[in-house]
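Reviewing the structure listed below.
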Amino acid sequence: MKSPGPKKIVPTIAITLGDPAGIGPEIIAKTLRDPRLPKGFRFEVLGTKSGKGIHPGKLTRTSARVALKALEEAAEGCLRGKFAAMVTGPVQKEAIAQLQPDFVGQTEFLARACGLPDDAAAMVLTDPKLTVALCTNHCSLKNALARLTPERIIHVTKMTRQFLQQRGIARPRIAFAGINPHMGEGGMFGDEDFRLFHSAREKLAKDGIALIGGPADTMFYYAVQKKLFDAVICAYHDQGLIPFKLVAFETGVNVTLGLPIIRTSPDHGTALEIAGKNVANHRSMLAAVQLACQLAKTRSRM
């Protein structure tokens, strides 16, 4: 009689509830009931969706504490190997910052949880229609420009290229959206594009990586309408998020690159105004779970 083979280990994906006062509980419940949910995975929801001090549409210290605890538990579980990946529900940054004053976002929180500086992590927003990668995350425009360096552009470009290759694009076409109007117009509107982009492009070319630059006001047109690029590298948060949410508001996914763990999230906030009304669209959460499973499966084969 044949002896049974080794028991197959089913990977577990952690899903944090986010702030339970928002739409996180609703979109997660809808996602877990959706027939398009990936097979071959377990899903563990972290966080308490009801109880004293938790009311749909109303932020409280209790609801913020639930969100923070779930985030901590998911990060720790990923680092210990308990979870193959984590998907984070939407949180209210300001509410968590009242408990943890240095909190500026889940992306930076996870970098610190991994023992890395904030800028080790890069935000990438992805959808079949458009992928954007941010060189700077949650900071003022003034600070974003101060933090932007050729090295940062190179780092984000290389991580984005690797991410696209993991998703099956063998030779990614990557563009850089100009920082200033008309990409500086030969220095008339600032020298940042010349100093930062051109230096990065030359160094990347030596590694065999092409980075094509152009004015931001046309770059997204060529990426979305003409399908000339697989991703656009953006200097600062809103430069990438405005065009991205215009074309993928309900389906986009935020994925964090540069960390030893896999993290995705829906690309929207807590939507307090519709919390508890059972009208929230869960497509972005579903897409975030699908991507987390895909990345976990790819990593397991490496």
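Summary of computed values
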read-out: Filter result for residue 267 (of a type in the set (Asp, Glu) and touching a Leu at 6+ places or on another chain (Cβ under 9 Å)); value: yes
read-out: Conditions (1) at pLDDT 95 or above; (2) open to solvent by 40 Å² or more (accessible area, probe 1.4 Å): number failed by residue 250; value: (1)
read-out: Qualifying residue in the stretch 25-38 (condition: of a type in the set (A, V, I, L, M), surrounded by 24 or more Cβ atoms within 10 Å (Cβ to Cβ), in contact with a strand residue (DSSP E or B) (Cβ under 9 Å, 6 or more places away or on another chain) and on the phi < 0 side of the Ramachandran plot); value: yes
read-out: Residue within the stretch 177-195 that is at pLDDT 95 or above, open to solvent by 70 Å² or more (accessible area, probe 1.4 Å) and under 30 Å from residue 298 (Cα atoms) present; value: no
read-out: Filtered residue count, the stretch 192-208, keeping only those that are under 11 Å from residue 176 (Cα atoms) and either in a strand (DSSP E or B) or free of Cβ contacts under 8 Å to residues at least 24 places away in the same chain (or both); value: 2
read-out: Leading residue by the ranking (farthest from residue 13 (Cα to Cα)) among those in the stretch 49-99 that are out of contact with any Pro (no Cβ under 8 Å at 6 or more places or on another chain) and among the hydroxyl-bearing types (Ser, Thr, Tyr); value: 60
read-out: Residue 211 vs. criteria surrounded by 14 or more Cβ atoms within 10 Å (Cβ to Cβ), in contact (Cβ under 8 Å) with a residue 12 or more places away in the chain and more than 23 Å from the chain's Cα centre (by Cα); value: no
read-out: Matching residues, the stretch 94-127, being assigned to a loop (DSSP other than H, G, I, E, B), open to solvent by 30 Å² or more (accessible area, probe 1.4 Å) and without any contact (Cβ under 8 Å) to a residue 60 or more places away in the chain; value: 98, 99, 100, 101, 102, 104, 115, 117
read-out: Residue identified as hydroxyl-bearing (Ser, Thr, Tyr), more than 30 Å from residue 56 (Cα to Cα) and open to solvent by less than 50 Å² (accessible area, probe 1.4 Å) among 298, 264; value: 298
read-out: Single unsatisfied condition, residue 83 versus (1) within 30 Å of residue 169 (Cα to Cα); (2) outside any loop (DSSP other than H, G, I, E, B); (3) at pLDDT 95 or above; value: (2)
read-out: Given (1) farther than 25 Å from residue 142 by Cα; (2) at pLDDT 95 or above, index of the condition residue 160 fails; value: (1)
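Residues are listed down the side, and each one gets a yes or a no for (1) part of a helix (DSSP H, G or I); (2) over 23 Å from residue 120 (Cα atoms):
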| position | (1), (2) |
| --- | --- |
| 219 | yes, yes |
| 227 | no, yes |
| 240 | yes, no |
| 245 | yes, yes |
| 259 | no, no |
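For (1) at pLDDT 95 or above; (2) out of contact with any Lys or Arg (no Cβ under 9 Å at 6 or more places or on another chain); (3) outside any helix (DSSP H, G or I), each residue gets a yes or a no:
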| residue | (1), (2), (3) |
| --- | --- |
| 256 | yes, no, yes |
| 277 | yes, yes, yes |
| 285 | yes, no, no |
| 294 | yes, no, no |
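The values are calculated or read from the model by the stated rules, or taken from the named source; none is laboratory data. Keep in mind that what you see is a predicted model, and the values were worked out from it rather than measured. Positions of Cβ are generated from backbone atoms using ideal geometry, with glycine treated the same way; all protein chains shown enter the neighbour counts. What goes into the accessible areas is simple: the full protein's heavy atoms, side chains included, and nothing from ligands, DNA or RNA. Shrake-Rupley method; radii C 1.70, N 1.55, O 1.52, S 1.80 Å.
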